[in-house]
Amino acid sequence: MNNTVYYDSGASDEVRRQHLYDGQLFVYSPRRSILEFVDFARGMIEDAFGDFDPRIAQDGMDVESYAELLGKLKPAFIHHPESKRYLTAILEDFGCDLEKTYFDVPRMRSSTSSNYLTTGIAYAWHAHRDTWYSAPPCQLNWWLPIYELHSDNAMAFHPRYWSEPVKNSSVGYNYYTWNKLHRGENVAKLVKEDPRPLPRATEPMQLDPQTRLICPVGGLVLFSAAQMHSSVPNTSGVTRFSIDFRTVHLDDVVERNGAPNLDAACTGTVMRDFMRGTDFERLPEDLVALYDDGTATQGELIYMPKSA
Ligand SMILES: [Fe+2]
C-alpha cells in the first residue's frame, strides 16, 4: 500500500473517511474554528498555571503539585460545556453532517520535557492502536496542538504497521472492566510509575522510520483509530499541550464500515461514549449492540457512560 498525507484536502467527509479507513493521513492548515478552541483551551491552561508559563512551568514546580494541577485542569476542560460547542463547530467547519456524526468528549494531553512526568495524568504513550483499547474500526481521531509544535515533542505515526499485525496484549483489555477499575482511580497520583495494564506490543517493533506531522497552531491532524502511533519522547525543553477527540459516522456504524482489524483482540466497546453532534444524544442501543460482546453486563459490571 502507499502512505499518503493529504494536505488541506478539499475532499468531502465521505471520501475523507474512506481514505482514512485505507490508512491515509490528513493534515490541515489553521482555521478559525480550531483557533477558537485553542484560545479557549489556552485560557483554561493559563488560568490554572497562574504566574507560570505553562510550557516551562515544569522547571519551577515539584512534580506532585504539577500532576495535581493537571488532575484538576484536564477533567475541567474535558467536561466543560463550552468544549463541546467548540468541538462541534470544528466538525461543522470540516463538512461533517452533525446529524450523523457522533463525538466523544475532547481530551487535553500534555507531554512534559526531559522525563519530568511521563506516567498517570501525563502518560507518554508507547506505540499503540486505539483499536487495542475497544475503539470501533470506524473511529477517527482528531489531534491538534495548543502551542507551537516541534518535531521533538510531537506525536509519531508508524505507517508500516497499517498493513502489518503486531502481537499485543489487547486480549486482556475489556473496556468496561477498565472503567470500573481505573476510571475512578486518581491517576494524578501516579507520578513515578504507572501500573495500569495498558495494551501494548508483546514483540519488538520497528518504530523508525516514523512520520511526525507538524502543523501550526490552529491546524489539525486526522487519522484512523487503527493507525499505529506513539508519543515522541519529549526532548524539546518545553511541555507540549494538545487536544484530541474522536468521532464515528452513523452510516459507518450501521454498515460496520471502517479500517481493517489486523490484531486487536480486546473486548467491550467505547461506542456508548459517543454523542450526536446536534443534541448530544447517545447512539441507539441496537447499534451499540452490533459492537458489543455481552461483557457490558457481566456479573455486576454494568457500564454507563459518564454523564455528558
Ligand atoms: Fe491513541
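Annotations for the structure displayed:
- Per residue, the solvent-accessible area of the range 13-127 (1.4 Å probe, heavy atoms of protein chains only, all protein chains present) comes to 42 Å².
- Both radii come from the Cα set of the range 65-217: Rg as radius of gyration, Rh as Kirkwood radius; their ratio Rg/Rh reads 0.94.
- Pairwise centroid distance, computed over Cα atoms, of the range 35-76 with the range 233-274, Å: 25 Å
- For the chain, the membrane-span-like helices by this rule, meaning whole DSSP H stretches whose C-alpha atoms cover at least 20 Å of axis and whose Kyte-Doolittle mean is 0.0 or above, are 32-49, 63-78; this says nothing about an actual membrane.
- Rg and Dmax of the range 236-302, based on Cα coordinates, read 15.6, 49 Å.
- Counting Lys and Arg as +1 and Asp and Glu as -1 over every other residue whose Cβ lies under 13 Å from the Cβ of Arg32, the net charge comes to -3.
- Portion, in percent, of the accessible area of the range 137-283 that falls on carbon or sulfur, probe 1.4 Å: 52 percent
- Helical contribution to [θ] at 222 nm, DSSP H n ≥ 4, -39,500 (n - 2.57), averaged over the chain, rounded to 500: -6500 deg cm²/dmol
- Within the range 25-73, the proportion of C-alpha pairs whose separation exceeds 12 Å stands at 69%.
- Scaling the Cα radius of gyration of the chain by the globular reference 2.2 N^0.38 Å produces a ratio of 0.95.
- Spatially close lysines, pair count over the chain: Cα under 16 Å, gap of eight or more or interchain: 7
- Among residues other than Glu285 with Cβ under 13 Å from its Cβ, the summed charge is -1 (Lys and Arg +1, Asp and Glu -1).
- Compactness ratio for the range 1-99: Cα radius of gyration over 2.2 N^0.38 Å (N = residue count) comes to 1.40.
- If you wrap the range 100-181 in the convex hull of its Cα atoms and look at it from every side, the mean projected area works out to 7.7 nm².
The values are calculated or read from the model by the stated rules, or taken from the named source; none is laboratory data. Just so we're clear, the structure is a prediction, and the values are computed from it rather than from any experiment. Heads up, the Cβs are rebuilt from the backbone with ideal geometry, glycines too, and the neighbour counts pull from every protein chain shown. The protein model used for the area step is the full one, side chains on, heavy atoms only, and it has no ligands, DNA or RNA in it. Shrake-Rupley method; radii C 1.70, N 1.55, O 1.52, S 1.80 Å.
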